[in-house]
Amino acid sequence: MFRMPSCLLKLTRVVLSHKPWALFILIFVLVSFAYHKLYSSVWEDPKSRGLPYSLSAEISCAHYVPSSLNIAGEPSPSTANVFFVETSEQTSPSYLFSCSVESAARTHPASKVVVLMKGLAKENASIPKHWAFSLFSCFPNVEIQPLDLTELFSGTPLAQWYLQPQRQQEPHFLPVLSDACRIVLMWKFGGIYLDTDFIVLKNLQNLTNALGIQDDKELNGAFLSFKPKHKFIELCMQDFVQNYNGWIWGHQGPELLTRVFKQWCSLETIKSTRCKGVSALAPEVVYPIPWQDWKKLFEAVSALEFHKLLQNTYAVHIWNKLSHGTKLEIPSQALLAQLYSQFCPATYAKMKQDSEELSRSAV
């Protein structure tokens with residue numbers, strides 16, 4: 001039942017005090033008002049009611065994350081965590097961010113997938129209402145946590161570095177901050193670190209004390225897997241501070257890892273090898289698409305080509321810094337579209353739904 005507004009009550013008194021034909025007008029107004037209330041209650045946008053995305057309902061989890069997915073109970077404490085880090089204030093995950101977390105959760109059902117976000121570190125900050133967080137909640141092994149940088153860096157050589165205010169004026173501060181976080185996470189906790197532009201194809205737990213070769217010149221830290229308190233990571237933290245230069249792109253990231261690995265293995269050039277317990281993985285393992293060829297991600301490939309290209313691959317780095325502005329057709333036979341479809345199907349379903357709604361609205 002609805003209450004009649006005071007304006008309509010006044011109108012009723014006025015009408016009843018005048019000619020009978022005015023009663024028709026009153027009835028018309030009342031019927032229109034009732035129809036409007038009924039219509040708006042049925043078709044009201046869920047976002048305007050404070051229930052932003054339908055994925056939060058349990059029935060939606062069953063739809064987007066089928067029961068056939070082998071995730072049961074709590075993750076095993078004996079398996080290493082998988083870490084993702086967002087060092088900006090951003091709290092609206094992209095499709096690719098969502099796919100990274102979903103694909104890691106699906107391929108690591110016995111592991112805890114921890115998403116650390118600086119934007120949630122403020123006092124009383126809560127998880128924002130966003131479809132991606134609703135989707136993550138469908139996976140019992142995914143945890144969203146605030147990224148407290150002061151606490152993370154405490155007790156490490158990077159604590160003093162972080163507390164210097166001039167650092168935030170440097171042109172590459174956010175990427176450098178991300179470089180710092182990953183090596184400290186590996187030092188303190190161990191486990192697997194992944195950038196939020198990876199799509200995970202296979203379980204990474206057997207790749208221990210390892211990092212990937214991106215090309216014949218450099219290693220890359222977008223994927224790291226180490227036991228806690230490993231000496232190699234300790235040397236990386238020391239190099240981070242002693243040879244610090246935040247004004248050169250990559251100096252604190254790929255170049256740092258390359259410098260330390262060459263010293264660790266007494267190498268002049270980078271090659272796929274294992275020395276003193278640390279592995280430099282061949283490019284096809286986690287960087288099957290070189291950054292120079294990132295446009296191949298948007299080119300159509302057959303199922304046979306897809307399998308052949310990725311048969312020795314554990315995860316695919318999407319090079320978001322280069323690729324983020326390129327439109328991906330959904331659905332399509334593009335390599336990237338097939339990766340979404342196969343390894344993060346819930347995110348892909350959301351992408352497809354949004355694409356269809358956009359097409360309808362454009363007509």
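The values are calculated or read from the model by the stated rules, or taken from the named source; none is laboratory data. Remember, it's a predicted structure, so these values are computed and weren't measured experimentally. Don't worry about glycine lacking a Cβ; one is built from the backbone with ideal geometry, like all the others, and counts go over all protein chains shown. Side chains included, ligands, DNA and RNA excluded: accessible areas come from the protein's heavy atoms. Shrake-Rupley method; radii C 1.70, N 1.55, O 1.52, S 1.80 Å.
Which entries in Lys188/Lys327; Lys229/Lys262; Lys112/Lys271; Lys227/Lys296; Lys262/Lys308; Lys118/Lys271 show an alpha-carbon gap greater than 27 Å?
Lys188/Lys327; Lys112/Lys271; Lys227/Lys296; Lys262/Lys308; Lys118/Lys271
Answer rounded, prolate or oblate for segment 78-283, using the Cα gyration tensor with square roots of eigenvalues a ≥ b ≥ c: rounded when a/c is under 1.5, else prolate when a/b is larger than b/c, else oblate.
Working: a/c = 1.82, a/b = 1.23, b/c = 1.48.
Since a/c reaches 1.5 but b/c is at least a/b, the shape of segment 78-283 is classed as oblate.
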Could you sort Arg182, Arg167, Arg274 by their accessible area in this structure, using a 1.4 Å probe and putting the largest first? Arg274, Arg167, Arg182
With all protein chains present, how much of the accessible area of segment 158-255 (probe radius 1.4 Å) comes from carbon and sulfur, to the nearest whole percent? 52
For Ala125 and Lys327, extending 7 Å from Cα along the Cα-Cβ vector and measuring point to point gives, in nm, a value of 3.4
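Give me the 1.4 Å probe accessible area per residue for segment 168-220, excluding ligands and nucleic acids, in Å².
33
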By a straight-distance test (C-alpha under 16 Å), which lysines pair with Lys129 as possible cross-link partners, with residues fewer than eight away in the same chain excluded? Lys47, Lys350
If you count only protein heavy atoms and use a 1.4 Å probe, how large is the accessible surface of Ser154, to the nearest 10 Å²? 50
Mind computing the radius of gyration and Dmax over the alpha-carbon atoms of segment 185-318? Å is fine for both. 15.2, 49
Gain in length, Glu89 to Phe298, computed as 0.36 nm per residue apart minus the alpha-carbon separation, to one decimal in nm? 72.4 nm
Going highest first, how would you order 259-271, 113-125, 129-141 by mean Cβ packing within 10 Å? 129-141, 113-125, 259-271
Radius, Kirkwood style, for segment 118-172 when every pair of distinct Cα atoms is counted (Å): 13.8
